[in-house]
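The values are calculated or read from the model by the stated rules, or taken from the named source; none is laboratory data. Model, not experiment: these values are computed from the prediction. Quick reminder, even Gly has a Cβ in these numbers, built from the backbone with ideal geometry, and neighbours come from all protein chains shown. SASA here: full protein model, heavy atoms, side chains in, ligands and nucleic acids out. Shrake-Rupley method; radii C 1.70, N 1.55, O 1.52, S 1.80 Å.
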Amino acid sequence: MGKLNHSGFTLIETLVAVIVLSICIVVIMQVFSSGLKALPSTQNYLKAFLYARNKMEQVLLTGNFQQGESSGSQADGTFSWQMNISEESFDTDDEESDQSSGKTNKGSSNFLFYRIDLSVFWHQGDKEKNYSLSTLVTKEK
């Protein structure tokens, strides 16, 4: 008589494989669940970014950089914003010397520099969140 060839998995091997598969499925479900919970927060940050970018572009397109603080809110009250515009000065090491008179002009520039800081605020649950943008703008005198 010949030997019987028993190929296949034992009951223990099958149980171990099912347990490992179940643990992997539970972990994957938790990852997807946390991703779905974070979705509203991510959407609010995206909306705040787009709102801040829109506000910043409005100011940059007008070219009217009034120094000081201003604030406002979206029509539905979801987002509020605060903007600060200040004139910046930079020391330059460029010295232009007038050979005939011996005078030196230090740091003469034909440009004004403005720093624009914009923050957008919103409430998420019981916490206040914010998103900020800053830029430096040059304008001819």
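Summary of values
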{"quantity": "Whichever residue in the stretch 90-138 is under 27 Å from SER41 (Cβ atoms) and among the small types (Gly, Ala, Ser) and, among such residues, is modelled with the lowest pLDDT", "calculated": "GLY125"}
{"quantity": "Residues within the stretch 66-89 that are at pLDDT 85 or above and over 19 Å from MET56 (Cα atoms), tallied", "calculated": "1"}
{"quantity": "Condition broken by SER73, with the remaining ones in (1) open to solvent by less than 50 Å² (accessible area, probe 1.4 Å); (2) farther than 20 Å from LYS139 by Cα; (3) of a type outside the set (Val, Ile, Thr) satisfied", "calculated": "(1)"}
{"quantity": "Which numbered condition LYS55 misses (of (1) open to solvent by less than 80 Å² (accessible area, probe 1.4 Å); (2) more than 30 Å from LEU136 (Cβ to Cβ))", "calculated": "(2)"}
{"quantity": "LYS37 being at pLDDT below 95, closer than 30 Å to LYS127 by Cα and basic (Lys, Arg)", "calculated": "yes"}
{"quantity": "Some residue of the stretch 55-74 being out of contact with any Pro (no Cβ under 8 Å at 6 or more places or on another chain), among the hydrophobic types (A, V, I, L, M, F, W, C) and closer than 15 Å to SER119 by Cα", "calculated": "yes"}
